[in-house]
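To start, the structure under review is shown below, and the notes come after it.
Values quoted throughout were computed directly from the atomic coordinates according to the rules given, and no laboratory measurement underlies them. Just so it is clear, the structure is predicted and the values come from calculations on it, not from any experiment. Virtual Cβ from ideal backbone geometry, glycine too; neighbours counted across all protein chains shown.
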Amino acid sequence: MLAGFTDYQSREVDDKVWIIGSLIIAPLLLLEFLSETIQLVLYAVSIITILLVAILALKFKLVGEADIIALIFISFAEPPSLRNILTLVPPATIVILAGILSMGYIAYNVYYNWRNRATFPERTPLYLKIIAYMTMRMITSREYEEKRYMYTPANPLDPSFITKTDQSMETPTTEKFWAVVLLPYVTLLAIAFLIYIVLYYSYTFTFFSKG
């Protein structure tokens, strides 16, 4: 949760957060191992799967390093179980939940641009307009200076803005300009993790109540 909060505030997560988190979960995992409640084979498969996904994601620069660390942290912190399909590979479930949450973030971008009557340069193809409306915002120079960590100025005529994450480019001189919104993915993972825990314990409580 702390990692999610700091990611939302600055789009960065201090390494100390992961270290402290690891120190907290290590004894809890040890207790589960000693009580033999962890399915070791399933746990190993879950971790290996996430590590492979992490390597591919880093190779193709699909997400940031903090996002990958968060995903790996979750895969170690939440052992899988055979209770139901949601718990077979917990990180996969949490990623899907985070994806659903990101739809809300995209919806807000669309609303923000519609409310502010965002405009495009001439000759902007329709497909780029649609993508820009979902992933970018037309912001003022003041908004950019106040929350520079949230935005990367970009040209909606250039399709590379879809994957461009370089924040070193110069600030546009116009009063309003388009900027990619840097998604706080660790925050979404943290919220998704919380939802997963609620679903897990809700199912457990229902299961034992019926029993």
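Output the peptides 150-157, 125-132 sorted from most to least packed, where packing is the average of other Cβ atoms within 10 Å over each peptide's residues.
Listed from highest to lowest mean packing, they are 150-157, 125-132.
Looking at the range 54-115, which trypsin sites (Lys or Arg not before Pro) are in a loop (DSSP not H, G, I, E or B) and have at most 12 other Cβ atoms within 10 Å?
Counting only loop positions with at most 12 other Cβ atoms within 10 Å, the trypsin sites (Lys or Arg not before Pro) in the range 54-115 are Lys61, Arg83.
Please compute the modelled spin-label separation between Phe60 and Ile130, points set 7 Å along Cα→Cβ, answer in nm with one decimal.
Result: 2.1 nm between the two label points.
Quick one: net charge around Leu199, please, counting Lys, Arg +1 and Asp, Glu -1 for every other residue with C-beta under 13 Å from its C-beta.
Charge balance in the 13 Å sphere: 0.
At a Förster distance of 41 Å, what's the computed FRET efficiency of Tyr149 paired with Leu42, Cβ-Cβ distance as r, to 0.05?
Working: r = 39 Å, r/R0 = 0.94.
E between Tyr149 and Leu42, to the nearest 0.05, is 0.60.
What is the gain in length, in nm to one decimal, between Arg123 and Tyr105 on full extension, counting 0.36 nm per residue of separation less the C-alpha to C-alpha distance?
3.8 nm
Take the Cβ-Cβ distance between Asp158 and Leu194 as r, set R0 to 45 Å, and report the resulting FRET efficiency rounded to the nearest 0.05.
With a Förster radius of 45 Å, E is 0.75.
7 Å from Cα along Cα→Cβ at both Asp14 and Leu29: what's the point-to-point distance in nm?
It works out to 2.3 nm between the two label points.
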